[in-house]
Amino acid sequence: MTKDGRNIREKVMALLRAPDYRPRDRNEIAHALDAKGRNRVQVRKTLRDLERAGEIVRIRKNRYVLPSEADLITGKLSIHQAGYGFLVPEKSGEPDIFVAAENTGTAMNGDRVVVRISRDVPQRRATDRHRAEGRVIRILERARDTIVGTLQHSKNFYYVVPDDPRIVHDVYVQPQGRRLQTAATVPRFFDSPFHSCFQRAGRLSMNA
């Protein structure tokens, strides 16, 4: 990182940590820092880098805040084969966060994610009153880009049943240009805005 980049990063973090800070979008942050020209571009890049690192988060209307200000925690998701999981926070000393199966979204075991703490946990799950519960709202980094499993097919689509029991949902794949048979296979995973929280999308690459 250049000296100017470090300087802008420090200014951005100082702004967000200020006691009177209110959530701002990238243009408002650039204006607050009086950033113009190349510095304005650097502010946008810095915001992307900080968000990717989990040091800041984007909330509604693409406004930025510190994770702690919005009940958000960044960490690694560990999923049980039953479907539920636990977020292991990146900040040392913080307790794990329980994530119910229906709240993992499209996240998979080992992914680096952002979790929002739930303040209204249903009593049916309140078995441990000292453990916080949350919901995955953003995936920052995938733990893998391939999944090993068995290729299956229905009338209208192909899907892979993962070998890893901690990957609890099937992976829907798009065959490319040739008929496929049921077999052990390795689809490449990619995110799609069209899948539901109970689906995964992928492409299948076959060696000749």
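The values are calculated or read from the model by the stated rules, or taken from the named source; none is laboratory data. As the structure is a computational prediction, the values presented were derived from the model and not from experiment. Methodologically, a virtual Cβ is constructed for each residue, glycine included, from the backbone with ideal geometry; neighbour enumeration extends over all protein chains shown.
Data for the structure
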read-out: Criterion: in a strand (DSSP E or B) and either under 18 Å from the mean Cα position of the chain (by Cα) or more than 30 Å from Val88 (Cα to Cα) (or both) - qualifying residue of Gly54, Gly75; value: Gly75
read-out: Selected residue [touching a residue at least 40 places away in the same chain (Cβ under 8 Å), of a type in the set (Lys, Arg) and assigned to a helix (DSSP H, G or I)] from Arg48, Arg9; value: Arg9
read-out: Unmet criterion (only one of (1) surrounded by 14 or more Cβ atoms within 10 Å (Cβ to Cβ); (2) of a type outside the set (S, T, N, Q); (3) modelled with pLDDT under 95) for Leu15; value: (3)
read-out: Options Ile29, Ile73; residue that is hydrophobic (A, V, I, L, M, F, W, C) and within 16 Å of Val136 (Cα to Cα); value: Ile73
read-out: Residue match in region 73-85 (condition: buried (at least 20 other Cβ atoms within 10 Å of the Cβ) and among the aromatic types (Phe, Trp, Tyr)); value: no
read-out: Test: residue in region 90-100 that is of a type in the set (Ser, Thr, Tyr), outside any strand (DSSP E or B), surrounded by 18 or more Cβ atoms within 10 Å (Cβ to Cβ) and not assigned by TED's automatic domain parsing to the domain that holds Pro23; value: no
read-out: Filter pass, Asp25 being in contact with a strand residue (DSSP E or B) (Cβ under 6 Å, 6 or more places away or on another chain) and surrounded by 12 or more Cβ atoms within 10 Å (Cβ to Cβ); value: yes
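For (1) of a type outside the set (Val, Ile, Thr); (2) modelled with pLDDT under 85, each residue gets a yes or a no:
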| residue | (1), (2) |
| --- | --- |
| Ala101 | yes, no |
| Thr104 | no, no |
| Arg116 | yes, no |
| Arg129 | yes, yes |
| Asp164 | yes, no |
| Val171 | no, yes |
| Ala184 | yes, yes |
| Gly202 | yes, yes |
